[in-house]
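Where a number appears in this text, it was derived from the coordinates with a stated rule and is not lab data. On a predicted model such as this, the values are computed, not experimentally measured, just so you know. Here the Cβ positions follow ideal geometry from the backbone for every residue, glycine too, while neighbour counts run over all protein chains shown.
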Amino acid sequence: MSAIVAAAPRDVQMPRTVDPRGFKQGMRALAGAVAILATEDPDHGCCGLTATAVCSFSADPPSLLVCINQKSSMAAAIREGSPLSINLPATDQEHVARAFGGMTTAKGVARFSAGSWARGESGAPILIGARAVFECSVGEVIARSSHLIVIGLVLAVTLDREGREPLVYADGRFATACNR
Ligand SMILES: Cc1cc2nc3c(=O)[nH]c(=O)nc-3n(C[C@H](O)[C@H](O)[C@H](O)COP(=O)(O)O)c2cc1C
C-alpha cells in the first residue's frame, strides 16, 4: 500500500489550547514505552529516532501507530514510504535510546554505532537484542500540525530476550516498567 499524505483541512478552526510548557509539564506524568524507530533514506542512508508516541493500532490487520516530528531527519523517508522498524529496547539498551533521542552528538547514520544493528527482511535496519522488533511497511501517513501520524503495517515480528525488562520514560528520565 502506498503512503498517503493529507494536509489539515483548511476550514477547521483550531480551538485555543494551553501554553505548551504546561502541556509538557503534565505529560511528564505519562509513562511511555520507549521505541527506537529506524529506516533508510534513499538519499542519506540509515536514520532513526527514539519515540514514545507509539501504540498498537489494530490486530486486523496487525498495525502500529507512530507519531514522527515533520522536522526529524527520518520524516522524508517515511513520506516516501520506506519500510521502518519499530524496536522495543530492553533496559540495558538505554544508551541506544539516548543516541537516537538526540541526547548525544550522534546524528544520522552515526547513531547506528550505538547497539548492534542488522538488515531486517523488510530492508529496514533492526536492533539486535531488542525485546521485540516490528518491521512495517508504511500504510498511511497523515500530516497534522508538527507531526506525521503514521500507520505501519506489520510485515515481520522478531522476539528476543522476552525475559528482559522493557525500557520506559517518565518524569524526564529512563526507567524500567517492572518491579519483579
Ligand atoms: C524519550 C523520548 C521520546 C521521544 N518521542 C518522540 C516521538 O514520539 N516522536 C518524535 O518525532 N520524536 C520523539 N523524540 C525526539 C526525537 O527522538 C529526537 O528529537 C531525535 O533527535 C530526532 O531525530 P533527528 O535529530 O535525526 O531529527 C523523543 C525523544 C526522547 C528522548
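For segment 32-176, the convex hull drawn through the C-alpha positions has a volume of 103 cubic angstrom per residue.
If I stretch the segment between R28 and A76 completely, what's the gain in nm (0.36 nm per residue apart, minus their alpha carbon distance), one decimal?
Between R28 and A76, full extension yields 14.4 nm more.
In terms of other Cβ atoms within 10 Å, D43, D160 run from fewest to most in the order D43, D160.
How high is the relative contact order of the chain, in percent, with contacts defined as C-alpha pairs under 8 Å that are six or more residues apart?
Relative CO of the chain lands at 28 percent.
Could you check which residue among P89, P125, P20 shows the biggest mean-square fluctuation in a GNM of the chain with a 10 Å Cα cutoff? Per the Cα network of the chain with a 10 Å cutoff, P20 tops the list. When L84, L30 are sorted by how many other C-beta atoms sit within 10 angstrom of their C-beta, beginning with the fewest, the order is L30, L84.
For segment 47-127, the fraction of C-alpha pairs farther apart than 22 angstrom is 23 percent.
Going by how many other Cβ atoms sit within 10 Å of their own, how do E165, E121 line up, fewest first?
The most exposed by this proxy come first: E121, E165.
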